[in-house]
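Structure first, then comments.
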2 protein chains.
Amino acid sequence: MTQEIKRKITRQTLIDKGYELINTYGYHAISIDTIIDEVGLTKGAFYYHFSNKHHFVEAIIQERVSKEIHSNFIEPLNERGNPIFILTDLFHDKLLKDKSLNQQLGSPLTNFINDLSHEQNDYGLQLQLKEIFDEWKIALINFLYRGIEGGCLNRHIDTESTAEFIIASVEGIRTLKKVTSNEGIFYNYMQQLKNFFDTLKIPKEELQGNQYYYAAS
Amino acid sequence: MTQEIKRKITRQTLIDKGYELINTYGYHAISIDTIIDEVGLTKGAFYYHFSNKHHFVEAIIQERVSKEIHSNFIEPLNERGNPIFILTDLFHDKLLKDKSLNQQLGSPLTNFINDLSHEQNDYGLQLQLKEIFDEWKIALINFLYRGIEGGCLNRHIDTESTAEFIIASVEGIRTLKKVTSNEGIFYNYMQQLKNFFDTLKIPKEELQGNQYYYAAS
DNA sequence: CAAAAAACATACTAATCAGTATTGTTTTTT
DNA sequence: AAAAAACAATACTGATTAGTATGTTTTTTG
């Protein structure tokens, strides 16, 4: 095995375990010793790949937290069709079906925001997390805009505040899942999210033979 | 000054500074030494009042986090009138006017949930936070129920999921406020929250005395 | 193959952590 | 006024922390 591959594997092993542990227990609760013990490596390996703990978590945010939002909540927005169907299906899949999201741990984005938002010696961690949020928001805004252009959504909706509201609600419900014993909390959430999506529809008065619109679910 | 008063002041001083620092930087990021230095006390004082750090944060949750939710978001629900007006005014006041809530720090409830949800040697901290959430939820459910009984809200709404959705959205938006530079994020939020509240209103058909109705789902 | 560089291991340090043991100082009670 | 109790300060401990300095092994390169 070539050196380059081995190096990348070692680095990735540290990143993956670090993400898992920090997302579960928090940045300050997890020591570097714990991480290297878990993967069977040593300080030498860790500090060869990362200059300090801050740069380590910075890499984790770039390579894992960002990816979690991108692959799960941004990329699916490229699908074509009725935007309300797409959004409903997307959140339904991610919250109720996708076991890989390990919902008992909440949302990684919110977890890392809470963990790192007031760090001293901040190497720009806040900015990185803000950018993930911004990307998600812009993707949703464009998605909603396409829905309006395609004649599926009410052209009077405010795309920015709608996008922010959707993100806030899903991040919020994933946080509450961490403490509640209500197993149906995501099912309940989908119910109300659909109600909210109804406010994005084209009013009946304007509905004149629009093929994409669907009557009350 | 009597001994009892002095004791209570010392205790309260520790609780207040602990709440402030832990809510800002996190439970694991703040040491007991930091807290006592900030208030000019010593370890002797701290450990006379609290047996350990866990019981300390337990007291903070009981006496400060719980109170933040109660006084700001639960007690105002006792007001009488149109429930949608009351809720709209309440959130508008708390998010856009009340400077004491120091919104750059996010929501204490979410902050503490994220900080303590996966503690080892958990002295029941999760349970305490869950109870705050439950109290808030039940208070909202009862509030919505009174709105239905009073003929102000659609009697077909699901009060539980509606309550959960409102809490999730406001906790979510307060979390996003921590990283965003968008100063108007709470204004935008109020806009969409009002849209959501529209889904709780009594349908026009019923308002006009029409006895017929159709289920929304 | 040998020298050089890369990738990781070992052993340490100084600082900080939660918590304890002891002592000192007020207040209250007797 | 003496004794007791309450409250807080001082000085410590062992464990853990992030980070460093220096080895050792493996791979690449001339």
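Each reported figure results from applying straightforward, stated rules to the coordinates on display, with no laboratory input. Bear in mind that the values here come from a model prediction, so they are computed numbers and not experimental data. All Cβ positions, glycine included, derive from the backbone under ideal geometry; neighbour counts span all protein chains shown.
Of note:
- Most fluctuating residue given options B:E58, B:E206, B:E149, as computed from a GNM of chain B linking Cα atoms under 10 Å: B:E206
- Using a Förster distance of 45 Å, the FRET efficiency for A:D89-B:D16 (Cβ separation, nearest 0.05): 0.40
- Axial C-alpha extent at least 30 Å, average Kyte-Doolittle at least -1.0 - helices from chain B (DSSP): B:3-25, B:125-149
- Each Cα pair under 8 Å and six or more residues apart adds its separation to the average, and for chain B the resulting relative contact order is 20 percent.
- Between B:K67 and B:S181, full extension at 0.36 nm per residue minus the direct alpha carbon distance yields a gain of 38.2 nm.
- Overall form of the stretch A:18-76 per C-alpha gyration tensor (a/c, 1.5; a/b vs b/c): prolate
- Shape of the protein assembly as shown, Cα gyration tensor, a/c cut at 1.5: oblate
- Note on the stretch A:53-206: the C-alpha convex hull projects to 9.7 nm² when averaged across all orientations.
- Spin-label zone in the stretch A:81-109 - amide nitrogen under 19 Å from a point set 7 Å from the Cα of A:H156 along the C-beta vector: none
- The aspartates and glutamates whose alpha-carbon is closer than 16 Å to the alpha-carbon of A:K53, local same-chain residues fewer than 8 away aside, are A:D16, A:E20, A:D33, A:D37, A:E63, A:D115, A:E119, A:D122.
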